[in-house]
Every structure is written in structure tokens, then in C-alpha cells.
1. Considering only region 33-84, how many residues are closer than 28 Å to VAL101 by Cα and of a type in the set (Val, Ile, Thr)?
2. So which residues in region 1-46 are hydrophobic (A, V, I, L, M, F, W, C) and not in a helix (DSSP H, G or I)?
3. Output the residues belonging to region 103-131 that are free of Cβ contacts under 8 Å to residues at least 40 places away in the same chain and of a type in the set (Ser, Thr, Tyr).
4. Given the conditions (1) among the small types (Gly, Ala, Ser); (2) at pLDDT 90 or above; (3) under 25 Å from the mean Cα position of the chain (by Cα); (4) farther than 18 Å from PRO57 by Cα, report the number of the one that ALA186 does not fulfil.
5. Does LEU39 satisfy the condition of being within 24 Å of ASP154 (Cβ to Cβ) and either assigned by TED's automatic domain parsing to the domain that holds ARG140 or buried (at least 17 other Cβ atoms within 10 Å of the Cβ) (or both)?
6. Among the residues that make up region 81-97, is at least one of them more than 19 Å from ASN59 (Cα to Cα) and assigned to a helix (DSSP H, G or I)?
7. Out of the residues in region 107-123 that are assigned to a loop (DSSP other than H, G, I, E, B) and of a type outside the set (Asp, Glu), state the one that is surrounded by the most Cβ atoms within 10 Å (Cβ to Cβ).
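The values are calculated or read from the model by the stated rules, or taken from the named source; none is laboratory data. Since we're looking at a predicted model, the values are computed, not measured. Methodologically, a virtual Cβ is constructed for each residue, glycine included, from the backbone with ideal geometry; neighbour enumeration extends over all protein chains shown.
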Amino acid sequence: MNIEATGTDPYGSEAYKDLFRVIMSDIGKGILIDEARILLRPEVPLFIFSVMLKAEPDNKTISDAASLRKEGDNVFITISDERYAPDILSQLWKRYTRARVDQQTRFDIVIEGADTDEVADIEISSGEETKKEILGAVWRSMPEGIRVRFNQTDGRVLTIMATEEIVRPEMKEEARKVHEEMLAKAREAERHV
């Protein structure tokens, strides 16, 4: 994840850059981020965080993160993407109860009396939920007292502008400008894929 931090306080810019990286890593979303731009002007106060994701998050099903096979009345699951292991187990317990779900190893699960197609289609992660988690992490990166926010979301670019009291038109305009620059970078990157 490439992070650019600019502003009127060089020390603060570096500190927020490090804090942002740690928070995204802690929630396991750092791997989804291609680039982040942080603009800080604490004297105003004005904070703009713009995040370009590697791809727009979409809904994930069990079949996206695991292989499945049927043997008799049982469905065997082998998890191939460990990030989703807790979500897979949680959804299986909800649907089939703990009594029918046997976790044999960290990545191997057996479900008694289940249909393979039904199991494969169980949603384990929502694209909108991923965006909300990233936005929440950005908010946690901002200082206490910075409560007034203006958000923009387009595809894989999320931009949050925050200040203490009143959002002035020029603040929104600056946030829009940063957002448009990140969108242009995202479009340019897509052309080269």
C-alpha cells in the first residue's frame, strides 16, 4: 500500500501515515488498498483521507474462498483463502448449527446433510460492508473532536473530509479535487491492466 501524506505539519503527516497503515493492517484491510492520500492541516482544522482500493469490493461466497466436494450426505470444505475462515465458520454455524458442522482442521470443515450448491452460495463477505469497515478505520485514524465529515465514494475510491465545526464550501471543494485526482489515477491504472 502506497501512502502519501502531506500538510502543514511534517511530523504529524508522518505520524498519521503510520497510524493509518497500522489501523488498516490491524483490521486486515491493508491488502485491499492500492494507494492512500492524506492531507492534513491541523491549524484549520482540515483532514482529507482518500483511499484507492485495488478493486471495488464485491460480495464473496464460500465458493470464492474454498473448494467443496460432496461425499454421501456430507459436504467437505477446504478453505483456500484463510482471511475468510472465521466468516465461513460463522455462516455455517448460523445455517446448519454447530451440531452439523465439524471443523476437522483450521481449513477443513465437514457439514452433515447439506447440499453442495447451497453451501457454495452462502455469502461470507459483503462489498458494502468492506467499504464501511475501511471508512470506519479512516474515522478512527482522525483526531478526537473532528466530528463533521463529508464523504465521497465512487467505485474503488473513498474520500473522507473532516473538520471540527463548520464544513466550508472551499473544504468540500478541496476534498472533491483530491477525490477526482484519485479517481483519475484509478481510471489510468485500469487502462493499463
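1. Count: 6.
2. Of everything in region 1-46, those that are hydrophobic (A, V, I, L, M, F, W, C) and not in a helix (DSSP H, G or I) turn out to be MET1, ILE3, ALA5, ILE27, ILE33, ALA36, ILE38, LEU39, LEU40, VAL44, LEU46.
3. THR105
4. If we test ALA186 against (1) among the small types (Gly, Ala, Ser); (2) at pLDDT 90 or above; (3) under 25 Å from the mean Cα position of the chain (by Cα); (4) farther than 18 Å from PRO57 by Cα, just (4) comes out false.
5. Working: within 24 Å of ASP154 (Cβ to Cβ): yes; either assigned by TED's automatic domain parsing to the domain that holds ARG140 or buried (at least 17 other Cβ atoms within 10 Å of the Cβ) (or both): yes.
Yes; evaluated as a whole, the condition is true for this residue.
6. Taking region 81-97 and keeping what is more than 19 Å from ASN59 (Cα to Cα), we get 93, 96-97.
The next check asks that each one be assigned to a helix (DSSP H, G or I); those that pass are 93, 96.
Taking every residue of region 81-97 in turn, at least one turns out to be more than 19 Å from ASN59 (Cα to Cα) and assigned to a helix (DSSP H, G or I).
7. Restricting to residues being assigned to a loop (DSSP other than H, G, I, E, B) and of a type outside the set (Asp, Glu), the top hit is ALA114.
Every residue, every condition in (1) farther than 25 Å from ILE27 by Cα; (2) polar (S, T, N, Q), yes or no:
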residue	(1), (2)
ALA65	no, no
VAL75	yes, no
TYR84	no, no
ARG95	yes, no
ARG98	yes, no
ASP102	yes, no
THR105	no, yes
ILE109	no, no
ASP115	yes, no
